[in-house]
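*Asks:* Mind having a look at this structure? Questions to follow.
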Amino acid sequence: MENCIFCKIIKGEIPTKKVYEDEEILAFYDINPAAPIHILVIPKKHIDCIAHLNKEDEVLVGKIYGVINKIAEEKGFKEQGFRVIVNSGKDGGQEVMHLHFHILAGRKLGEKIV
Ligand code: AMP
Ligand code: ZN
């Protein structure tokens, strides 16, 4: 996708601090962290948001959660806990229209919003 900032990151056109990469998934540190640890996990395939997921993407989403667990283990916050947030669409506060999973960790997070 042209003009998609996360696709540019995947292509190596914008530098990031990489945390994890395989054929389908990339994880990197958020540039504007909302917690001591703030990592974004994205599919390499451009998908706008949750609302644009197809049936065949469901396996990929499962893999993303597997990667999230792997990162939590490797970075040492799996036992202490963490939060995964996916903003979707305008009302969901999504700014970058390439599906991404925020992992927040490293401090007691604020009040639950649901
Ligand atoms: P959202 O509001 O859910 O769309 O989140 C987009 C996230 O992408 C924000 O937390 C931004 O700080 C983050 N972000 C934007 N540009 C970059 C970048 N070049 N490298 C790392 N994170 C970024
Ligand atoms: Zn994209």
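*Asks:* Return the loop-located chymotrypsin sites (Phe, Trp or Tyr not before Pro) in the range 6-40 (DSSP other than H, G, I, E, B) with at most 15 other Cβ atoms within 10 Å of their own Cβ; answer none if there are none.
*Replies:* Here no chymotrypsin sites (Phe, Trp or Tyr not before Pro) fit, given the DSSP loop and packing criteria.
*Asks:* If N is the number of residues in the chain, what value comes out of its Cα radius of gyration divided by 2.2 N^0.38 Å?
*Replies:* Normalised Rg, Cα atoms only: 1.03.
*Asks:* Please flag any cysteine in the chain that has no other cysteine's Cβ under 4.7 angstrom from its own Cβ.
*Replies:* Cysteines of the chain left without a disulfide-compatible partner: 49.
*Asks:* Summarise the accessible area of the range 5-105 (1.4 Å probe, protein heavy atoms) by the percent that is carbon and sulfur.
*Replies:* Ligands and nucleic acids excluded, carbon and sulfur give 50 percent.
*Asks:* Still on this model: Quick one: of 17/108; 8/70; 44/70; 75/108; 8/112, which pairs are farther than 27 Å apart, Cα to Cα?
*Replies:* 8/112
*Asks:* Next up: Got the relative contact order for the chain handy, in percent, Cα pairs under 8 Å and 6 or more residues apart?
*Replies:* 30
*Asks:* Solvent-accessible area per residue for the range 35-114 at a 1.4 Å probe radius, Å²?
*Replies:* 62
The values are calculated or read from the model by the stated rules, or taken from the named source; none is laboratory data. From a predicted model like this one, the values you see are computed outputs, not experimental measurements. Because the Cβ atoms are built from the backbone with ideal geometry, glycine has one as well, and the counts that use them run over all protein chains shown. When the accessible area is computed, the model is the full protein with side chains, heavy atoms only, and any ligands, DNA or RNA have been set aside. Shrake-Rupley method; radii C 1.70, N 1.55, O 1.52, S 1.80 Å.
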